[in-house]
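The values are calculated or read from the model by the stated rules, or taken from the named source; none is laboratory data. Note that the coordinates shown come from a computational prediction; the quantities given were computed from them, not determined experimentally. Cβ placement follows ideal geometry from the backbone for every residue including glycine, while neighbour counts extend to all protein chains displayed.
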Amino acid sequence: MADKGKSKLVDEDLRSNSSNEGKRKEVWEDDAVAAALGHHRRDRSLFLGVLQEQNDPGSEELAPDNQNVPINVDTKKDQRLPQQSSSASSRSAFETSVEQHTQQKVDVENQESCMRALIDPDEEYAYRLWIQSLEAMKNHHAPDADVEKALSGQHQPTTNAPDSDRLLDYGPSVYTRKLIGNLKGYVLDLSLQLYGCRVIQKAFEITDTDQKVEMAKELGSNILKCVCDQHANHAIQKSIEFVPPQHIQFVYRSLRGKVKMLSSHPFGCHVIQKALEFCRDPQMKQALVTEILESVNELSVDPYGNYVVQYIVEHGEPREREIIVLKFDGRVLQMSHEKHSSNVIEKCLIHGSYMDRKRIIVEIFCAAGGTTADHLLGMIVHEYANYVIQRMLEVSREWQVDVIVKLVRRHEAMLAKYPHGRHVIAQVERVVNARAGLPGSVAPAPPQFP
């Protein structure tokens, strides 16, 4: 009860001092924070100072009350406080009591209070601590000299330094390791939080390899939950990107057998693409790609799976693109009229080989048995298929382009009545002007030959 009375008195004193200064500072009302801060005033700016003190307990002690300059215990005392004996001048009775009884308990409470500060969505403290600009952080906590000391360390960045808005990029390495070390045991919970996941992502980017591996292992306890979570999937992607491949194999093993399901998931599709990008094990990568190729027709029409197929078409091996195009045989015209699969057909025209393009274009031209061009006119005025026609004008050989140009010129009056028809007419004009070498025209991409 006596400690709670002291806590209230400290709060009242803080609020009165804040009103005199014309600015009210935020105060932590948590008793665990009071213990962690060692009876210093509970302003959030001391969070950085406390972590610094833990790394170097023999260094300067933070000045009490509102002084801006750290005071050396051996040489100076606060002139506004009554003289005390040497045994009580450096610490309060509350600090001494905590240290004598349960020093380990203080460390645990300090860690828990740090966690509460990081995951509190109302205060957005984690976001400010890790992402906020250095100048804004200083101004928010001014005029606390202990914040300046904690932020500066051995390196004082200039305001014109590149990326100087990243606090941890310039913070002392011991402070960074200590703060990230306090995340141990909370990585999964933080990854599922709106602001906590940003902390975990930043930690994966800047911390040392040993801590990255430890954090990734915590996420490994529930990989699928993280992959399908709107926040934690970003943490999984960062682990795949920044953890050395030999330490992240358990993530790839967790994805095997579930690639089709995850590729159709709004968040899982991003993780699958990241895994395909950074997987360095040829056998593991081939296993993931094989699962996609087996279901390529279903994934191509899926709102999310089509992005995974597009990734393989754009970044995969030529043999993989050939297999995809062969699986589309007999379905190209139908896929060109669908919203998601039409994007896949466009990618195949852009990144496919000459033979891949030839298969697609010939199937479109001969869809009606080669006796009529009505289906081409239908594609030109269609909201999705018209983009496939425009892409054909860019990548086809000259005789194939001539077929489309003549068709458009013959029915130009009718096509001009439709908004998508006008788009194709404009594309035809650009191609024709490019052939004539007129300025301002865009030449189509030269076709690739085997």
Which one is modelled with the lowest pLDDT among residues in segment 190-218 that are surrounded by 21 or more Cβ atoms within 10 Å (Cβ to Cβ) and hydrophobic (A, V, I, L, M, F, W, C)? 199
Any residue at all in segment 136-153 that is in contact with a Leu (Cβ under 9 Å, 6 or more places away or on another chain), at pLDDT 50 or above and assigned to a loop (DSSP other than H, G, I, E, B)? no
Under the condition of being touching a helix residue (DSSP H, G or I) at 6+ places or on another chain (Cβ under 8 Å) and part of a loop (DSSP other than H, G, I, E, B), which residue from segment 283-323 is nearest to residue 337 (Cα to Cα)? 301
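State all residues of segment 348-374 that are touching a Phe, Trp or Tyr at 6+ places or on another chain (Cβ under 9 Å), more than 12 Å from residue 396 (Cα to Cα) and assigned to a helix (DSSP H, G or I); if no residue qualifies, say none.
Hits for segment 348-374 are 348, 363.
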Among the residues of segment 394-406 satisfying the criterion of being within 13 Å of residue 365 (Cβ to Cβ) and of a type outside the set (D, E, K, R), which is surrounded by the most Cβ atoms within 10 Å (Cβ to Cβ)? 404
